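The values are calculated or read from the model by the stated rules, or taken from the named source; none is laboratory data. As the structure is a computational prediction, the values presented were derived from the model and not from experiment. Cβ atoms come from the backbone with ideal geometry, glycine included; neighbour counts cover every protein chain shown.
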């Protein structure tokens, strides 16, 4: 696990992967804090530590900062698209990597420099190529820590130059209902649920999903209601509810013929989720995407 991340006088590169954007970041930050005796809230201001993530853009499109992890989480659920009046960029750019390269060429204040690239899969092709060259050529005592959802989302040549640390664990905690199951998988949302009325959104979306599966409501009317909420949140709720139902079918004593019929449909819908998520992330017309999802649920 994170104990495999060693911060000594030997330059090493790491790729830390987990779908839990909050836990993986905190694991890295706490490890740095413990190893280098730096207070957690001072890490990103430390002159020997460079943090890179999606860019914050001013009104002229100039990069003025990197998005802090808390706002990366909010953005990933579609709950924000700006910080104050500044837009959040869609990709980590080559200019950010060039700035990072300049950082590696300056002597450390102490013995070691650390570069954190948060949500590293957001690097565009030019940024990935520039980072690869940097990993190959940097000669100073500098450790790169890339953080990503999955190793599969990172260029293989970059992977080959990093020690991979997978923080994913099989969540075997007990849950009494879907809402508990949802928050087990999205713990960050539980901490902000009152700020964004997430409990109500879960209840409404689950009821609509059940009614669509039972053909009790019109999918077009439902997708219209969904379009008034963040599409990424709707998709997270629906996809996790499908998993929740599959778990319940498998663990129940439902008749085999009924179970097989339901599992077949639910597995088909779950298979559509990755492409739907990709299209939403690409800002393709979300109402059209939600229309198709609702129609598939009701078919």
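What to note about this one:
- Among the residues of region 214-232, those identified as surrounded by fewer than 15 Cβ atoms within 10 Å (Cβ to Cβ), under 20 Å from residue 284 (Cβ atoms) and touching a residue at least 12 places away in the same chain (Cβ under 8 Å) are 220, 224.
- Residues being surrounded by 18 or more Cβ atoms within 10 Å (Cβ to Cβ), closer than 19 Å to residue 165 by Cβ and touching a residue at least 40 places away in the same chain (Cβ under 8 Å) - total across region 30-71: 6
- Of the listed requirements (1) modelled with pLDDT under 95; (2) surrounded by 17 or more Cβ atoms within 10 Å (Cβ to Cβ); (3) touching a strand residue (DSSP E or B) at 6+ places or on another chain (Cβ under 8 Å), residue 186 misses just one: (3).
- Residue identified as more than 25 Å from residue 32 (Cβ to Cβ) and at pLDDT 95 or above among 63, 72, 94: 94
- Restricting region 132-142 to residues that are free of Cβ contacts under 8 Å to residues at least 60 places away in the same chain and touching a helix residue (DSSP H, G or I) at 6+ places or on another chain (Cβ under 8 Å) leaves a set whose member that is nearest to residue 109 (Cα to Cα) is 134.
- Considering residues of region 77-131 that are free of Cβ contacts under 8 Å to residues at least 40 places away in the same chain, part of a strand (DSSP E or B) and in contact with a helix residue (DSSP H, G or I) (Cβ under 6 Å, 6 or more places away or on another chain) only, the residue farthest from residue 14 (Cα to Cα): 83
- Unmet criterion (only one of (1) in a helix (DSSP H, G or I); (2) more than 26 Å from the chain's Cα centre (by Cα)) for residue 277: (2)
Residues are listed down the side, and each one gets a yes or a no for (1) closer than 24 Å to residue 244 by Cα; (2) without any contact (Cβ under 8 Å) to a residue 60 or more places away in the chain:
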position	(1), (2)
148	no, no
162	no, no
167	yes, no
174	yes, yes
177	yes, yes
183	yes, yes
202	yes, yes
205	yes, yes
212	yes, no
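- Scan of region 144-160 for residues that are loosely packed, with under 14 Cβ neighbours inside 10 Å and in a loop (DSSP other than H, G, I, E, B), ordered by number: 150, 160
- For region 7-25, a tally of residues being over 20 Å from residue 134 (Cα atoms) and in contact with a helix residue (DSSP H, G or I) (Cβ under 8 Å, 6 or more places away or on another chain) returns 7.
- Count of region 13-50 residues which are part of a loop (DSSP other than H, G, I, E, B) and farther than 23 Å from residue 103 by Cβ: 3
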